[in-house]
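Before any comments, here is the structure.
The values are calculated or read from the model by the stated rules, or taken from the named source; none is laboratory data. Note that the structure is a prediction, hence the values are computed from the model and not measured. Cβ coordinates were reconstructed from backbone atoms using ideal geometry, including for glycine residues, and neighbour counts include every protein chain displayed.
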Amino acid sequence: MKVDDAFDKFEKKIAPSASQERIARGRGERFTEMLNTIDERIEVVPSGSWAPSTSLGPMRDVDPIIVFPRTGRAVPGRPMPP
């Protein structure tokens, strides 16, 4: 077996299934949507196994990096001050 073939076989073993990826992506999107109801300026950056092309199965969580605006104070249900 060639090295490339062995690596492809190994990668298939550890890669999450399509349904696991859909579930993780959906959780990340819902998390982002919930934060954006507080302030649409909040940025959510995928990281860890959730980040593109780094997923390993099975995926049990998402690891976002959350970037909050520099000024103002978040109050649920109210827009952030400029």
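Per-structure values
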{"read-out": "Members of segment 16-46 that are in contact with a Ser or Thr (Cβ under 7 Å, 6 or more places away or on another chain) and modelled with pLDDT under 85", "value": "Pro16, Glu21"}
{"read-out": "Qualifying residues in segment 5-54 (those that are of a type in the set (S, T, N, Q) and surrounded by 12 or more Cβ atoms within 10 Å (Cβ to Cβ)) - the one nearest to Pro76 (Cα to Cα)", "value": "Asn36"}
{"read-out": "Hey, Val75 outside any helix (DSSP H, G or I), of a type outside the set (Ser, Thr, Tyr) and either loosely packed, with under 12 Cβ neighbours inside 10 Å or at pLDDT 80 or above (or both) or not", "value": "yes"}
{"read-out": "Contacts under 7 angstrom Cβ, first residue in segment 1-30 being in contact (Cβ under 8 Å) with a residue 12 or more places away in the chain, partner assigned to a helix (DSSP H, G or I), 6 or more apart", "value": "Ala24/Trp50; Gly28/Trp50"}
